[in-house]
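Working notes, structure below.
The values are calculated or read from the model by the stated rules, or taken from the named source; none is laboratory data. Please read all numbers here as calculations on a predicted model, not as lab measurements. Every residue, glycine among them, receives a Cβ derived from its backbone with ideal geometry; neighbour counts consider all protein chains shown.
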2 protein chains.
Amino acid sequence: MKKVIAPYAVVQKYGGSSVADTERILNVARRVAAKVGSGSKAIVVVSAMGKTTDNLIKLSKQITGEPDAREMDMLLVTGEQISAALLAMALHTLGLRSKSLNAFQAGIKTTGRFTEAKIKLINKKKLESLLQDNDALVVTGFQGVTDDDELTTLGRGGSDTSAVALAAGMQYPCEIYSDVAGIYTCDPKLYPSAKKVRYISYDEMLELAASGAKVLHSRAVEIAKRYNITVYCGSSFSNEEGSYVVNEDTMIEKVVVSGLTTMDNQTQVVVKKLPVDYTLLRSIFEKVAEAELNIDMISIINNGQDLSVSFTIIDEKKKHLEAALKKVLKGFAGYAIEYNTGFVKVSVVGVGMKSGIGVAADFFKALNNIPIRLVTTSEIKISCLMEEKYKQTAINALAKKFKL
Amino acid sequence: MKKVIAPYAVVQKYGGSSVADTERILNVARRVAAKVGSGSKAIVVVSAMGKTTDNLIKLSKQITGEPDAREMDMLLVTGEQISAALLAMALHTLGLRSKSLNAFQAGIKTTGRFTEAKIKLINKKKLESLLQDNDALVVTGFQGVTDDDELTTLGRGGSDTSAVALAAGMQYPCEIYSDVAGIYTCDPKLYPSAKKVRYISYDEMLELAASGAKVLHSRAVEIAKRYNITVYCGSSFSNEEGSYVVNEDTMIEKVVVSGLTTMDNQTQVVVKKLPVDYTLLRSIFEKVAEAELNIDMISIINNGQDLSVSFTIIDEKKKHLEAALKKVLKGFAGYAIEYNTGFVKVSVVGVGMKSGIGVAADFFKALNNIPIRLVTTSEIKISCLMEEKYKQTAINALAKKFKL
């Protein structure tokens, strides 16, 4: 690892379970105070307290089944503002100079897409100036403000994204705290002897996040990668050493496979006997994207006479997908669609695959006789789809084979 | 009453009990929709839902006994934002075009005194422009934003103040809805046959509000008076006709006494045998004001040799007052202080007193043999202090005498 000169400040993010109640907020305050005591100032990004967001959504549902996205954002942004104000109060009790800032005050400017806005810029100058007079600034995660003063939220993983964007904008290191003490080679609930990784590259983390790992959201990893920000992931409840998401170039020893993830409730969709018409194929994927349906493991087979397309989608979106496919295939005849639900996707990820030889061979050898329905690979990932009942056997075999 | 041309829009305010839960928010939405259906647009000012503010205060107390005023405001402003967003959603379900706006979006600029800010101006242009494209704007009451983007709250009666300030700024009529169907000559809980007044002047309302009536906060009345805004006070739960707070000049028939109020838990303070030194007297009142102690019914007697000062303060502030007096009287000798707690102040108010003769005589005649400890009068009010046990007798006698 390259040497880091003691930073002027650090960005820390504490998730919903870390600020679930006032007791935990006081705990976070003590951790921030320890950081400040060590000579660094802090920009602390907080999520809403535990169930706050769920309770706000519940209230909106009592009003209407289809809340307006703008008003939903007006409603939800209050959650982080509550935890931010309480954390600033808690920091005061420890003698720290602190102010809470909502997105408008911190100048976190976003696009205007309500519930799924993207951060455009932050007010670096204002934050730097406020840091002169404060030990810690508490900033509401998950939210932003448009140039028209509309309040927005960033969608899933929003607070992680806020933290990394602030770190990138301010050029500070970033620390993400949650109830998990780092990044594991495999979910310890599924494979109890899973190991914690010390260093993982952006691309590995991206593949892991996309395949189901929940420690750090992929949007946040993308920003970290783009701005070359090292992200530390640790526990807010212990002082156990966590994991670092880093630039691949700084990793001296690259393990072949650094992680294993699984995603349940996958539906395999197979569209057979389509005419060999790439315009049709394109419009299938376009319609699916328009319907905001997230599909994965796409494979296409052209046997000379016709096309077969296969991909996966999460079970609960199956009906939406059926409707979208019906629309785009209207007017075509002769094709057949199969839906098979209840599959699980198992993936192994590792930058070492790029240079490592025989990873695919080892992968299939480990899976032995498990019937595999679909396989896709990237430079650093191999994924396969199997029946739910083989999941645990596959996890154990792969973890053993790749020493996870 | 002067003729009013059908307004382009009206400002309506709904208090905490009117938006206590989502059922009641839907009820408010129906009332706003009825208003819009009658051809008027609406700016709807909302308080926080029922217990929200109390719950937020409770959270802050779990963190610290002395929360920072700035952070308290950051915390509390979320309450109105929640009810505003939910009301906008409810208005959408009725087919209305609506947007919720927090203080920053509505441009409600205030002074920087946290927890007790004063409104300086509103963004009339922005609100007018938003009203072009919407049937109803929902604005968070009780809060504002400073020129430095700091969020503030307006203190007690803040949402009433927001509503009247918006009405004044926009030059729209103002309607204040609560769980009480108007302004009564006397609290119906104390005097069940109390009558509702149809019209009441700003000054009468100010005296009533200052003497304990809770329908409309005195700060809001002051703004209404300054900008000559008629304020309608009605119930959000019925269509019963409410009361109008109006310019005295528009009232054709002025009743001598329009209202009676009481304030419990009053301590009478008597400082005797002070030197005849008006510098000392002034510094007594200055120190009391500095300590933010609200005193009332001040009377001073100069008997030639020495001064006696008497006034009232609410029981719970007695200790603070004692400390303040001790400080200012340090170095003086020979004086004596008496504190008598548990008194009640009974006041009658009416613009008709200005021209009515013998009101004081009728007042004392009605009170008959009740021992009165202190009397103060203004142009339109007579107040007297008595023991708690005489309160109900006094109310009944005065209400009967002045036909309340």
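Points to keep in mind about this one:
- Of the residues B:GLY144, B:GLY79, B:GLY112, B:GLY169, the single one that is in a loop (DSSP other than H, G, I, E, B) and in the same structural domain as B:MET205 (by TED's automatic domain parsing) is B:GLY112.
- Test result for B:ILE200, in a strand (DSSP E or B), touching a residue at least 40 places away in the same chain (Cβ under 8 Å), within 14 Å of the chain's Cα centre (by Cα) and surrounded by 23 or more Cβ atoms within 10 Å (Cβ to Cβ): no
- A:ARG113 being out of contact with any helix residue (DSSP H, G or I) (no Cβ under 7 Å at 6 or more places or on another chain) and not acidic (Asp, Glu): yes
- All positions within the range A:243-288 that are over 22 Å from the mean Cα position of the chain (by Cα), assigned to a strand (DSSP E or B) and of a type in the set (A, V, I, L, M, F, W, C): A:VAL269, A:VAL270, A:VAL271, A:LEU274
- Odd one out for A:LEU56, checked against (1) at the interface with chain B (Cβ under 10 Å from one of its Cβ atoms); (2) of a type outside the set (Ser, Thr, Tyr); (3) crowded, with 24+ Cβ neighbours inside 10 Å; (4) within 24 Å of the chain's Cα centre (by Cα): (3)
- Within the range B:59-69, considering residues that are modelled with pLDDT of 95 or more and more than 7 Å from chain A (Cβ to nearest Cβ), the one farthest from B:THR110 (Cα to Cα): B:LYS61
- Scan of the range A:203-221 for residues that are outside any helix (DSSP H, G or I) and modelled with pLDDT of 85 or more, ordered by number: A:LEU216, A:HIS217
- If you go through the range A:99-113 and keep only what is within 7 Å of chain B (Cβ to nearest Cβ) and either among the aromatic types (Phe, Trp, Tyr) or surrounded by fewer than 18 Cβ atoms within 10 Å (Cβ to Cβ) (or both), you end up with just A:PHE104.
- Close pairs from the range A:272-289: first in contact (Cβ under 8 Å) with a residue 24 or more places away in the chain, partner among the hydroxyl-bearing types (Ser, Thr, Tyr), Cβ under 6 Å, at least 6 apart: A:LYS272/A:SER308; A:LYS273/A:TYR335; A:LEU274/A:TYR335
- Residue ID - nearest to A:VAL145 (Cα to Cα), chosen from residues in the range B:85-98 that are crowded, with 24+ Cβ neighbours inside 10 Å and within 7 Å of chain A (Cβ to nearest Cβ): B:ALA85
- Residues of the range A:299-326 that turn out to be within 21 Å of A:THR341 (Cα to Cα) and either touching a helix residue (DSSP H, G or I) at 6+ places or on another chain (Cβ under 8 Å) or outside the structural domain of A:CYS384 (by TED's automatic domain parsing) (or both), as a count: 6
- Filtered residue count, the range B:296-311, keeping only those that are of a type in the set (A, V, I, L, M) and either surrounded by fewer than 17 Cβ atoms within 10 Å (Cβ to Cβ) or modelled with pLDDT under 85 (or both): 3
- Just one of the listed residues (B:LEU398, B:LEU374) is buried (at least 19 other Cβ atoms within 10 Å of the Cβ) and either at pLDDT 90 or above or at positive phi (or both), namely B:LEU398.
- The residues of the range B:195-228 that are among the hydrophobic types (A, V, I, L, M, F, W, C), farther than 14 Å from B:VAL246 by Cα and touching a helix residue (DSSP H, G or I) at 6+ places or on another chain (Cβ under 7 Å), listed by number, are B:ALA209, B:ALA210.
- Just so you know, in the range A:30-53 the residues that are of a type in the set (Lys, Arg) and outside any helix (DSSP H, G or I) include one that is surrounded by the fewest Cβ atoms within 10 Å (Cβ to Cβ), and it is A:LYS51.
- If the condition is being closer than 21 Å to A:MET205 by Cβ and aliphatic (A, V, I, L, M), then the range A:328-367 contributes A:VAL346, A:VAL348, A:VAL349, A:VAL351, A:MET353, A:VAL359.
- Comparison of A:GLU128, A:GLU116, A:GLU150 shows that the only residue that is within 9 Å of chain B (Cβ to nearest Cβ), surrounded by fewer than 24 Cβ atoms within 10 Å (Cβ to Cβ) and out of contact with any Asp or Glu (no Cβ under 6 Å at 6 or more places or on another chain) is A:GLU150.
Yes/no matrix, rows are residues, columns are (1) of a type in the set (Val, Ile, Thr); (2) surrounded by 14 or more Cβ atoms within 10 Å (Cβ to Cβ); (3) at the interface with another protein chain (Cβ under 9 Å from one of its Cβ atoms); (4) in contact (Cβ under 8 Å) with a residue 12 or more places away in the chain:
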position: A:VAL10; (1), (2), (3), (4): yes, yes, no, yes
position: A:SER17; (1), (2), (3), (4): no, yes, no, yes
position: A:ALA20; (1), (2), (3), (4): no, yes, no, yes
position: A:GLU23; (1), (2), (3), (4): no, no, yes, no
position: A:VAL28; (1), (2), (3), (4): yes, yes, no, yes
position: A:MET72; (1), (2), (3), (4): no, yes, yes, yes
position: A:GLN81; (1), (2), (3), (4): no, yes, yes, yes
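- Of the residues in the range A:342-350, at least one is touching a strand residue (DSSP E or B) at 6+ places or on another chain (Cβ under 9 Å), among the aromatic types (Phe, Trp, Tyr) and surrounded by 14 or more Cβ atoms within 10 Å (Cβ to Cβ).
- Filter pass, B:ALA181 being modelled with pLDDT under 90 and surrounded by fewer than 23 Cβ atoms within 10 Å (Cβ to Cβ): yes
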